[in-house]
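Asker: Structure incoming, see below.
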Amino acid sequence: MVAGWPAAPYRPLPSRPAMPRSTDPATSLGFLLHDVARLLRRNFNRRARGLRLTQAQCRALAHVAQNEGIRQIGLAEILEVQPITLARLLDQLARAGLIERRPDPRDRRAYRLFLMPAAMPLLAQIRALGAATRAEATAGLGRARLAELTGALETMRRNLLAAEPASRQRAEIDRDARPRP
């Protein structure tokens, strides 16, 4: 008790009701998606130690392979990194002879990204490691449940992309509007 203040009556806190399943961190969709993504990354990183590439470099290579001709700014948005961070990462990949930057014919300030032949064997290894990681993660699901899960996640992605500001949507569209090598 503080001198001069009246004593407050003791009132026990009411017992908290059990968290509904949807807000329980162990079972809520957002927490589960985040936790599964974290475990997938950790599993992939364990497998990829021998590649001598960082996970960020593997992700960048995989996205360039999937979106050859993408502008650097579009790749930065997809990878959710700052353009300057991506520029340093791309410098490393270019020095290793894995990617090539070509001037964008429509914007002389911009570059488009293309794979070099030396990236192909690494991409095959990255894909194999990714397949092994997915196989371990989805063991016991069966084809029908896996197809249903994939379809649900694709729907969620489309819904969330539709709710994004136009600048983020442009990055996704830019992947489809890229020139072919």
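Asker: Where a ≥ b ≥ c are the square roots of the eigenvalues of the C-alpha gyration tensor, would you call region 32-167 rounded, which needs a/c under 1.5, or, failing that, prolate if a/b is larger than b/c, or oblate? Don't skip to the end; give the middle numbers.
Answerer: Working: a/c = 2.18, a/b = 1.35, b/c = 1.61.
Because a/c hits 1.5 or more and a/b fails to exceed b/c, region 32-167 counts as oblate.
Asker: Quick check: residue separation of Gln66 and Leu161 times 0.36 nm, minus the Cα distance between them. What number comes out in nm?
Answerer: 32.3 nm
Asker: Using the Karplus curve 6.51 cos²θ - 1.76 cosθ + 1.60 with θ = phi - 60°, work out ³J(HN,Hα) for each residue of region 147-160 in order, rounded to whole Hz, and write x for Gly and Pro.
Answerer: Values per residue, Gly and Pro as x: 5, 5, 4, 4, x, 5, 5, 5, 5, 4, 4, 4, 4, 6 Hz.
Read-outs throughout are calculated quantities, based only on the coordinates presented, and are distinct from any laboratory measurement. These numbers were taken from a predicted model, which means no experiment stands behind them.
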